[in-house]
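Right, one structure below, let's go through it.
The values are calculated or read from the model by the stated rules, or taken from the named source; none is laboratory data. Since the model is a prediction, treat every value here as computed from it, not as a measurement. Heads up, the Cβs are rebuilt from the backbone with ideal geometry, glycines too, and the neighbour counts pull from every protein chain shown.
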Amino acid sequence: MTRLVLAFALGAGWSAAAWLSARALFGAPVFARRNVRGVEVPVGVGILAIFGAVAADATLAFLDAVSGQQRAHALERAAWPSILVVAVGFALLGIVDDLAGDHGDKGFRGHLRALAKGRLTTGSLKLVGGGLVALAAVGGVTTGAGRLLLGAAVVALAANAANLFDRAPGRAAKVSSVAAIALAATASASERPVVIGVAAVVGGVAGLVAFDLREHLMLGDAGANPLGAVLGLGVVLTTGITPQIVVLVGLVALNLAGERISFGALIDRTGPLRALDRAGRRPL
């Protein structure tokens, strides 16, 4: 558990430091977007959360080398490549959508219709590219075609599910934090080393939450997509087929619901959820 907390803290510290150093860079007009309150803020800053996670991994690797603990953390190191493939891959796909997406085609159906007409939207690029990234990452931690497809589906749909909640400051981070706590709580002591990379990514996002709530930045798809995808990979790393099927059914239902209803409107109509959602945010 100490190692999990350390990875989380390193991810948070590195991403917060990166934002404080890179605010001028994200002040360029190409990043400017209006949020839910009409305030102009830079989008795509969530990519710094992934920088924080990579920096956390580098820090842990260096500390292990200095202390001679590399063999002791061999199980953790084995999971890091797949976690980084998911985090970096979905972050890159997300930043393209943040900066170049016209959002004229919405939802799975809209992007698939565009793809059927031979038109590649940024959303369909995420759809196809995200599936390939998920397959590549899960292929490094599982065996068998069935388990590969199941795990990749969990990762890809978790990425999109997190994006559905990225509609208000801090919302995606809050929802994902609940999922991360559940993942850490259900993982056995022997499984926790393989989700230390997940903790670093969640920490990377946590390092930006205070700035997100103050409307200094937007995570964007570059932050929400990899956050959800990495949590999905955490499920694949720590559970068997039956729990993954249950999670997959839940994610399918969530994604289909997101095509038809507004989660923001649902949250606003539910007192406890509304209070949690607005905690720390500026009044509407």
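Only one of the numbered conditions (1) at pLDDT below 95; (2) small (Gly, Ala, Ser); (3) exposed (fewer than 13 other Cβ atoms within 10 Å of the Cβ) is violated by Ala58, and that is (1). Residues Ser82, Ser21: which one is assigned to a helix (DSSP H, G or I) and within 17 Å of the chain's Cα centre (by Cα)? The match here is Ser82. A count restricted to region 211-229 and to residues that are in a helix (DSSP H, G or I) and surrounded by 24 or more Cβ atoms within 10 Å (Cβ to Cβ) stands at 10. Kindly check whether there is at least one residue in region 188-210 that is within 20 Å of Ala156 (Cα to Cα), more than 14 Å from the chain's Cα centre (by Cα), in a loop (DSSP other than H, G, I, E, B) and free of Cβ contacts under 8 Å to residues at least 24 places away in the same chain. Within region 188-210, none of the residues are within 20 Å of Ala156 (Cα to Cα), more than 14 Å from the chain's Cα centre (by Cα), in a loop (DSSP other than H, G, I, E, B) and free of Cβ contacts under 8 Å to residues at least 24 places away in the same chain.
In region 1-28, which residues are of a type in the set (D, E, K, R) and within 30 Å of Glu191 (Cβ to Cβ)?
Answer for region 1-28, where residues must be of a type in the set (D, E, K, R) and within 30 Å of Glu191 (Cβ to Cβ): just Arg3.
Residues that are free of Cβ contacts under 8 Å to residues at least 24 places away in the same chain and either under 15 Å from the mean Cα position of the chain (by Cα) or crowded, with 24+ Cβ neighbours inside 10 Å (or both) within region 172-187 comprise Val175, Val178, Ile181, listed in sequence order.
Only one of the numbered conditions (1) on the phi < 0 side of the Ramachandran plot; (2) surrounded by 24 or more Cβ atoms within 10 Å (Cβ to Cβ); (3) in contact with a strand residue (DSSP E or B) (Cβ under 9 Å, 6 or more places away or on another chain) is not met by Asn163, and that is (3).
Among the residues of region 64-95, which ones are among the β-branched types (Val, Ile, Thr) and buried (at least 17 other Cβ atoms within 10 Å of the Cβ)? Residues satisfying the conditions are Ile83, Val85, Val86, Val88, Ile95.
Quick grid of which residues meet (1) more than 23 Å from Leu6 (Cα to Cα); (2) among the basic types (Lys, Arg); (3) not in a helix (DSSP H, G or I):
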| site | (1), (2), (3) |
| --- | --- |
| Val141 | yes, no, yes |
| Ala152 | yes, no, no |
| Ala158 | yes, no, no |
| Pro169 | yes, no, yes |
| Ala172 | no, no, no |
| Val175 | no, no, no |
| Ala185 | no, no, no |
